[in-house]
Structure formats: structure tokens, C-alpha cells
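Every number in this text was worked out from the coordinates using simple rules, so none of it is lab data. Keep in mind that what you see is a predicted model, and the values were worked out from it rather than measured. Here the Cβ positions follow ideal geometry from the backbone for every residue, glycine too, while neighbour counts run over all protein chains shown.
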Amino acid sequence: MDWRKRAEVHGDVVFFGTSQPEIEKACPEVFVWDLDKTYLDTTIDSLGGIFRAAIERAFNKRNIPGTDTLLRTLAQERTERAGTKIFPIYFITASPPQMEERITEKFAFDKIVPLGCFYKDNLKNLRPGRFWRLTKQVGYKLQALLELRVRLADEVRQVCFGDDSETDAVIYNLYSDICARRLSAIEVRTILGKLFVTGDQVDTILSLQAKVPIHDPIEKIYINLATDTDPEYYFKFGRRTLATYNTYQLALDLFQDQRLSFDGLYAVAEDMIHNYGYTPDELTKSLDELIRRGVMGKTAWEKLKAPLAEKGLSYPGYAPSMNPAKEVETKEGRVYSLEGQHEQWLPDRIDYLHDDR
């Protein structure tokens with residue numbers, strides 16, 4: 001069947017949905033997950049990458065270590081708490097919509113049921129004069145995020161996941177500023193123009209902005225360091241944007257913010273050890289790095305100390321290389337600041353145009 005008959009198409013942005021509008025509007029918190037280098041270990045920013053991803057069978061597509069277990073566990077725990085079978089997660093990928101069936105097969109193989117997935121109609125860029133658009137994702141992803149925002153509740157909270165192989169931190173924070181109206185229309189046009197967004201797509205983005213409430217929906221942004229960028233680069237985005245070296249660090253912060261149980265954290269650790277060759281010592285170093293970076297606080301560490309030792313994920317008597325800082329600001333179990341000198345949760349202004357990585 002032609003994919004166009006099953007999709008909503010708006011320029012480069014192609015959406016395949018699996019839910020009803022009333023369900024989407026009823027979700028108070030939604031996960032938004034970039035697919036490439038964040039969930040799947042795929043590269044689709046070149047002709048060769050697109051071709052390899054297109055012909056690869058679903059069961060051969062490789063996950064970023066621990067991500068499928070993390071998502072299944074999040075889904076199970078969320079649905080148990082909410083008393084519903086709905087797990088509010090959407091994916092965004094720069095893969096072309098011709099790959100939708102293969103990727104849907106992969107979701108089924110991993111037992112993940114997203115509410116929808118956005119694809120980039122990239123094959124039409126395979127002609128002279130448009131090749132440059134293959135690798136430029138800012139306009140596409142911003143439009144996809146705003147199209148998703150229109151579908152969701154006015155006061156929705158979004159937890160977003162991306163990676164450092166593209167410009168996901170810029171995209172998610174720009175989306176936040178656009179929704180909250182922290183930037184004027186002229187500023188949006190100027191920034192997007194310098195980020196290679198076409199004039200037509202800028203018009204579409206501003207048109208979508210007019211349809212969404214003045215409300216910042218972004219609760220947290222996680223960036224997987226797929227290309228080993230220095231995490232200090234992300235300080236300019238504030239503490240709300242957290243760079244992680246692996247899925248265990250991601251799971252640790254989700255545990256700290258009470259979005260994931262210890263059993264869920266342990267399931268991710270087991271997966272990474274048994275299926276991807278990680279060692280308990282490597283995972284302990286990952287935890288220690290979060291404490292030294294001022295991410296994990298004292299309360300979370302005190303909760304983890306005994307069960308980690310009991311499960312063999314740290315040795316008896318282990319103590320972090322520095323004392324975890326006490327939490328200063330928390331809300332509904334989420335940690336927003338720790339004692340000591342740290343960057344703001346969200347800066348007043350973000351410099352989007354100077355990439356000093």
C-alpha cells in the first residue's frame with residue numbers, strides 16, 4: 001500500500017499516527033524520542049546510510065545499548081501507575097517514510113507501541129540543488145515538534161531525547177523558546193535562517209506557533225553523547241538539558257526524578273552487562289561521573305547505595321569519589337537544583353549560533 005494513503009504529509013514532515021485525538025489530548029506527560037543514534041544505532045545523513053538503513057531487516061537493526069529495555073520498562077511502569085495501556089511516546093526520525101514498515105516491524109520486535117512517528121520525506125532531496133537538505137534537520141524537526149504540539153494538551157509536559165550527532169539540543173531548546181514566545185518572530189527568522197532553514201519552512205514554523213498556547217512544554221532534555229562531545233558544551237543550555245554517556249546514566253537520572261523504579265534501573269543495567277559487554281565497574285564509573293558533574297544528588301544516592309551493592313552493581317563499601325550534593329529545589333519528586341555553584345535550570349538567553357564543540 002502507498003505510504004501516502006496512511007500518512008499525514010506537510011512538506012518534508014510525514015506523520016504516521018496510531019492513536020485517537022482524544023487520547024493524545026488526555027496525556028499530561030509525553031516522551032519524544034529521536035530515533036537515530038538515540039534509540040537505534042543508525043546513520044541516515046548520507047546516501048550510503050539511507051540505503052543501508054532501507055535494506056536492513058527489522059531484527060538486524062541495532063539498538064543503542066539498553067534503550068529497548070529502558071523503554072519497555074518505562075512503558076510497563078507508566079501504564080501500571082496510570083491504569084491504562086497507553087504509553088505516550090512519539091518518535092522523530094530523519095529516515096524517509098518508505099522505511100516506515102521496517103521501523104514499525106522493529107518497534108513490534110522490541111515490544112514498543114508508540115502513539116506516532118514522524119519521518120522526513122528525504123528521497124525527494126536526492127537531486128541536484130537539494131542534496132544539502134539531506135543532512136539539515138533543524139527545520140524538519142522543529143516543524144515536526146510543533147505539529148506534535150498542536151495535537152497535545154495545552155499544559156502537556158514533554159521529556160525529550162536526542163543525541164549529539166546532529167543539533168538536537170539546539171532544536172529542542174529552540175522549540176521550547178518558540179512555544180514560550182521567548183523569541184520574537186524576527187529573532188526566530190534570523191536564527192533559523194542562519195541554521196539553513198528555508199524561508200518556506202520558517203513561515204510554516206511561525207504559522208504553527210500561532211496555533212499553540214503560550215506555554216513551555218519542555219520538562220527535560222536528554223542528549224546521548226553518540227560522538228563523545230564534551231558534556232560541558234551543554235552547560236549553555238542549562239541544567240534542564242542533560243548530556244549522558246550511556247543509557248545507564250539516562251536511567252539513573254530518570255530514577256532520581258522518580259520516572260523509573262530501581263527494578264527498571266536494574267533491568268537496564270542487566271541488559272547492558274549481559275547483551276552489550278558492559279561491566280559493573282564501568283556502570284559504577286558512570287554513576288560516579290554523574291555525581292562529580294553535580295547531576296545526581298544525595299537523596300538518590302542514599303536510595304541506591306544498598307540495592308546497588310546487593311545486586312552486585314557496586315562493591316560493598318563503595319563510596320563516590322566526592323560527596324553528592326544535597327537537593328535544594330525539588331518539585332513532585334523532580335530535582336531542579338543542588339547545593340553549590342551550578343548553571344541555571346534554564347538560562348535567560350541561549351546562544352544558538354556559536355557551536356563551540
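Key figures
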{"read-out": "Histogram of C-alpha separations across the chain, 10 Å bin width, %", "value": "5, 24, 35, 25, 9, 1, 0"}
{"read-out": "Most mobile listed residue (HIS342, HIS274, HIS215) in the chain, GNM with C-alpha springs under 10 Å", "value": "HIS274"}
{"read-out": "Rounded to 5, the percent of DSSP beta bridges in the chain classed as antiparallel", "value": "35 percent"}
{"read-out": "Between helix 199-209 and the chain: long-axis angle, C-alpha atoms, 0 to 90°, nearest 10", "value": "60 degrees"}
{"read-out": "Degrees, to the nearest 10: 247-256 long Cα axis against longest axis of the chain", "value": "70 degrees"}
{"read-out": "Helix-only mean residue ellipticity at 222 nm for the chain, each DSSP H run of n ≥ 4 adding -39500 (n - 2.57), per residue, nearest 500", "value": "-12000 deg cm²/dmol"}
{"read-out": "Degrees separating the helix 298-310 axis from the principal Cα axis of the chain, which is the longest one", "value": "70 degrees"}
{"read-out": "GNM flexibility winner over the chain from CYS27, CYS179, CYS117 (Cα, springs under 10 Å)", "value": "CYS27"}
{"read-out": "Packing rank of 148-155, 219-226, where each peptide gets the mean count of other beta carbons within 10 Å, highest leading", "value": "219-226, 148-155"}
{"read-out": "When each of LYS106/LYS141; LYS303/LYS326; LYS111/LYS331; LYS220/LYS331 is checked by Cα-Cα distance, pairs over 20 Å", "value": "LYS106/LYS141; LYS111/LYS331"}
